[in-house]
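Following: one structure in structure tokens, then a few remarks.
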Amino acid sequence: MDAERWQRLSPLLDALLELTPEQRSEHLAALRREDAALADELAGLLAMEADDEDFLSEPVVELPTGARPGARIGPYRLDRLIGEGGMGQVWLSARADGLYERKVALKLLRPGLADPRLRQRFDREREILARFAHPHIARLLDAGIDKDGQPYLALEYVEGEPLTDYCRTRQLDIAARLDLFRQVCEAVSHAHANLIVHRDLKPSNILVTPAGHVRLLDFGIAKLLDVDPLPVEQTRTGVRTFTLHYAAPEQIRGEPVTTMTDVYSLGVVLYELLTGSKPYRLKRQTDAEWEEAILDGEPLKPSQVAARASEACIRPYTPPRLARALSGDLDNIVLKALRKRPEQRYVSAEALSQDLLSYLRGRPVSARGEGMAYRSRKYLHRHRWTIGAATAVLAVLFTALGVVGWQAQRAMREAGRAQAMQGFVADLFESAGTSSASEPIDLRKLLDMGIVRGERSLVRQPQARAELYGVVARLRLGLGDYREANTLLDKQEILLANLPDAPVSLRLEAATLRGNAYRQLGNLPGCLQAMQRMEDAARREEERLPPQVAAFYSQQGRCHQELDQSTLANRLYMRSLQLRRKEGDNVGVAENLLDIAKMHAADGAPEAAVPILADALADLRRKVGDRHPLVIDMLRSLCALDRATDQLDDAVRHCRESQALAEDLHGRDHRASVDANRQLAALYVDLGRFSQAESIFLQTFGWMRTRLDRNHPDLARAYNSLAIVAWERGDIDRALDLQRQAVAGWKTGRNEGMTSYGVFNLAMILHSAGRDSEALPAVREARALRAKQFGDSHELVGDSDHLLGEILAALGEKEAARTRLQQAVRLTLAGYGPDHSHTRRAEISLARLRANEGAPDALLQLTAYGQAGSGDIEQRKAAWLARAYAAEVECKTQPIAARASLDAVLTEMQLVLPEGGAIPREIAAIRKACTL
């Protein structure tokens with residue numbers, strides 16, 4: 001099919017694919033009356049789409065020589081086509097000249113459209129885009145003309161979801177949706193200030209990143225390609241440079257566009273964001289019907305549409321509740337943006353945004369006019385709490401004196417409770433001051449003494465005692481005294497059960513603390529059960545108690561995450577994030593982003609976690625400072641991500657920063673310091689410093705054993721760490737005993753993610769000891785658990801296939817081993833990338849198997865892998881193994897040279913890994929066999 005014909009078919013086919021089968025039939029019938037040949041071609045393409053899952057997976061028109069996956073355009077290498085319209089293409093690309101690494105969205109002209117007029121417009125567009133500097137607009141990074149004359153624009157590549165999809169999947173409420181939409185308005189307003197009209201605003205051009213930030217895309221593409229007015233733009237079947245459903249009336253008529261044209265499109269997007277549907281109800285979904293509706297039809301009020309909407313489209317609302325929320329101000333704001341005449345709409349995107357802000361703050365909006373009655377209602381609603389309180393006071397003054405007396409008595413009780421709590425804190429510090437100056441203050445004894453005194457002095461104030469138990473439980477949790485904290489929370493729960501008038505804020509805080517205690521003790525089902533009772537209260541109190549509700553949602557999300565329930569966890573994290581952003585809680589926002597980054601990392605997506613975490617850490621340091629305790633956790637998470645991606649130098653730097661800050665802020669015996677030391681010890685294992693690693697692991701193990709239940713997941717992790725050190729040192733029996741204890745702990749806690757990790761390590765230790773018949777069922781169990789959690793195409797499944805292939809090869813099952821190793825190479829290459837040590841190790845194992853079978857190219861591969869230079873220790877370990885495996889093969893024909901090569905490898909390893917390890921031990925065994 002030639003490019004000209006495809007340019008006519010492509011937008012029509014896109015529109016048809018979005019319709020239901022019945023609507024497609026009606027649309028095709030209308031087109032057939034105008035152009036029978038065109039309708040027949042579209043019907044044929046639709047039939048192909050129904051029969052072939054790979055339909056349109058490849059471009060229909062012939063791409064120019066340069067525009068193919070893997071080709072170079074300027075300094076960029078094309079990866080894959082990620083967007084294609086009637087006149088433009090967008091490719092996911094990366095720098096290919098070695099100056100730096102970065103993914104970009106590379107925009108190219110469609111084949112056959114690169115005439116001189118378009119080149120001039122392309123140059124002008126580059127200059128326009130270069131002036132944009134706004135956080136909500138995808139940035140222009142580079143521009144130029146390829147050696148073949150192909151112009152290109154390199155823009156920021158945005159990982160995100162379309163605005164409407166993002167809000168629907170996360171079930172955001174109206175306030176959160178309007179906050180995101182106002183970010184869009186800010187971006188459009190910035191463009192208008194630079195004399196640019198977008199002309200194609202729609203949800204697919206508005207992406208939201210995982211961190212909740214809007215990015216506006218595709219500025220100028222329609223304008224860039226829209227040269228002299230084309231007659232086909234005025235027809236129903238021609239090529240448009242805008243999307244019909246979001247087009248303003250003046251665009252349909254072919255009249256000049258203004259900034260109010262974008263305001264209309266924003267109104268359509270806002271309508272869809274609030275109701276889940278478009279503004280017009282049509283009998284037939286044809287272009288002619290849409291044009292007629294946009295030009296002459298009146299959109300229904302959003303509240304009317306919401307009342308009849310499907311609940312699946314408008315969650316978390318029911319239709320009646322959403323209709324009530326939209327009725328009034330929001331109806332008027334949306335309808336004003338959708339006025340047919342441009343001068344009757346909002347004068348700018350900023351004016352629309354300001355009206356939405358007024359709505360959110362309870363102030364009058366310009367869309368409702370300036371009537372006194374309306375302004376009075378808004379004033380009363382905005383100050384309803386103050387006026388309500390004043391009304392209540394007047395009511396109290398004019399009711400019986402008995403009610404006044406009751407209120408006075410209650411106020412006295414509250415004052416007495418506050419005074420009692422103040423006395424408790426004073427007594428606590430007085431007790432600390434009576435100790436000898438030469439003796440350090442024992443904080444735990446001080447807290448125990450405070451509880452005894454508090455119970456004695458607050459014997460007649462149960463609510464104050466409940467608060468006291470919560471405060472001390474929070475301090476105990478911070479010290480890592482999880483059992484003691486849980487005991488205090490037991491006492492608090494008994495008191496609250498007999499206090500029906502206890503404030504909901506105290507009950508929310510109690511549920512959050514209980515969830516944290518249960519999670520730290522490894523009782524994840526108990527965490528969810530304890531917090532479930534307060535879910536309804538949390539939802540009701542979001543507006544009145546945002547700090548307590550946000551903390552509740554965050555804690556509940558962590559419990560779901562540790563039970564591998566990522567979808568539920570993400571929903572709770574996002575609710576908490578919205579509340580904290582609204583309150584301006586910088587620390588809380590950073591905490592939520594840390595949780596979200598950890599969730600992405602646990603789901604095997606470190607590439608999504610790293611930018612979220614790095615941005616959150618930089619923001620926290622800028623707004624709060626470098627010495628906040630949350631910085632410790634964020635540095636530790638960066639360290640873990642660095643380690644997972646073979647960036648060991650960066651990992652050591654981040655781990656040491658977190659360790660130093662933890663010990664400086666909390667001392668060596670605090671949980672934060674213990675965890676930071678344990679993470680640093682794991683890096684020491686990678687670096688071959690086993691003595692240092694084991695010393696730290698033993699200290700942390702002793703600390704945890706006195707504070708955690710025997711089946712706690714963190715205690716199981718300590719067993720696993722000690723097992724790996726024992727294995728590296730060659731103490732196989734001890735390693736197996738420790739590793740089995742780790743697996744038992746994780747299985748008891750029903751933690752499938754960590755169980756798969758532990759069973760994999762057990763199989764690895766058994767395989768290195770030559771006990772492959774025992775290792776085989778273990779590695780198969782690990783693979784099944786990982787496939788269940790992540791799917792059959794995940795890189796962790798590839799790691800399991802790698803080990804399974806080595807075990808099968810050792811058992812003599814060569815064909816099965818080859819299949820598994822080939823699968824391992826494919827999965828690790830796709831998941832980790834070509835430069836990761838896990839990918840290289842899988843490639844080396846496959847080459848070793850083939851070389852031992854006599855494949856000459858496999859021996860050459862091993863030699864090449866052995867010569868690959870890298871400063872990373874994991875890559876160097878892989879290179880040493882490749883050289884050893886090549887010498888193993890050569891030992892059969894050239895034993896003297898092979899032994900010399902093996903001796904050289906062992907000598908080099910001794911300098912880098914003086915304490916030896918599993919890999920030096922394996923290569924030493926190959927050297928011994930070569931001597932025989």
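Within the option set 701, 697, being buried (at least 23 other Cβ atoms within 10 Å of the Cβ) and within 30 Å of residue 486 (Cβ to Cβ) holds for one residue only, 697.
May I ask you to verify whether residue 540 is outside the structural domain of residue 450 (by TED's automatic domain parsing), of a type in the set (D, E, K, R), within 20 Å of residue 599 (Cβ to Cβ) and out of contact with any strand residue (DSSP E or B) (no Cβ under 6 Å at 6 or more places or on another chain)? Spelling it out, it is not the case that residue 540 is outside the structural domain of residue 450 (by TED's automatic domain parsing), of a type in the set (D, E, K, R), within 20 Å of residue 599 (Cβ to Cβ) and out of contact with any strand residue (DSSP E or B) (no Cβ under 6 Å at 6 or more places or on another chain).
Is there a residue being under 30 Å from residue 599 (Cα atoms), of a type in the set (Lys, Arg) and more than 32 Å from the chain's Cα centre (by Cα) anywhere in the stretch 748-770? No, every residue in the stretch 748-770 fails to be under 30 Å from residue 599 (Cα atoms), of a type in the set (Lys, Arg) and more than 32 Å from the chain's Cα centre (by Cα). Quick check on residue 66: is it more than 27 Å from residue 202 (Cα to Cα) and modelled with pLDDT of 85 or more? For residue 66, the condition - more than 27 Å from residue 202 (Cα to Cα) and modelled with pLDDT of 85 or more - is not met. Filtering the stretch 628-648 to residues that are more than 18 Å from the chain's Cα centre (by Cα), assigned to a helix (DSSP H, G or I) and without any contact (Cβ under 8 Å) to a residue 60 or more places away in the chain leaves 629, 630, 631, 632, 643.
Test residue 625 against the stated conditions and say whether it is under 27 Å from residue 135 (Cα atoms), in a helix (DSSP H, G or I) and small (Gly, Ala, Ser). Answer is no for this residue.
For first residues located in the stretch 125-141 and buried (at least 18 other Cβ atoms within 10 Å of the Cβ), partners that are modelled with pLDDT under 75 and part of a loop (DSSP other than H, G, I, E, B) and lie 6+ apart or on another chain with Cβ distances below 6 Å form the pairs 125/220. Inspection of the stretch 243-262 finds no residue satisfying the criterion of being more than 20 Å from residue 163 (Cα to Cα), modelled with pLDDT under 85, in the same structural domain as residue 352 (by TED's automatic domain parsing) and not in a loop (DSSP other than H, G, I, E, B). For the stretch 610-627: of the residues being crowded, with 18+ Cβ neighbours inside 10 Å and at pLDDT 85 or above, which is nearest to the chain's Cα centre (by Cα)? So the residue we want is 612.
State whether the residues of the stretch 216-232 include one that is modelled with pLDDT of 90 or more, more than 24 Å from residue 171 (Cα to Cα) and outside any helix (DSSP H, G or I). No. For the stretch 620-647, the set of residues classified as hydrophobic (A, V, I, L, M, F, W, C) and either closer than 17 Å to residue 677 by Cα or touching a Pro at 6+ places or on another chain (Cβ under 6 Å) (or both) consists of 630, 631, 632, 634, 635, 638, 639, 640, 641, 644, listed by residue number.
Condition check for residue 671 on (1) under 20 Å from residue 729 (Cα atoms); (2) crowded, with 20+ Cβ neighbours inside 10 Å; (3) modelled with pLDDT under 85: one failure, at (1). Annotation: of all residues in the stretch 492-520 being over 13 Å from residue 531 (Cβ atoms) and β-branched (Val, Ile, Thr), the one that is farthest from the chain's Cα centre (by Cα) is 494. Scan the stretch 640-662 and give yes if some residue there is farther than 20 Å from residue 731 by Cβ, surrounded by fewer than 22 Cβ atoms within 10 Å (Cβ to Cβ) and either touching a Lys or Arg at 6+ places or on another chain (Cβ under 8 Å) or assigned by TED's automatic domain parsing to the domain that holds residue 910 (or both), otherwise no. Yes, the stretch 640-662 has at least one match.
The values are calculated or read from the model by the stated rules, or taken from the named source; none is laboratory data. All of these numbers come straight from a predicted model, not from anything done at the bench. A quick note on method: Cβ atoms are made from the backbone with ideal geometry, for glycine too, and the neighbour counts reach across all protein chains shown.
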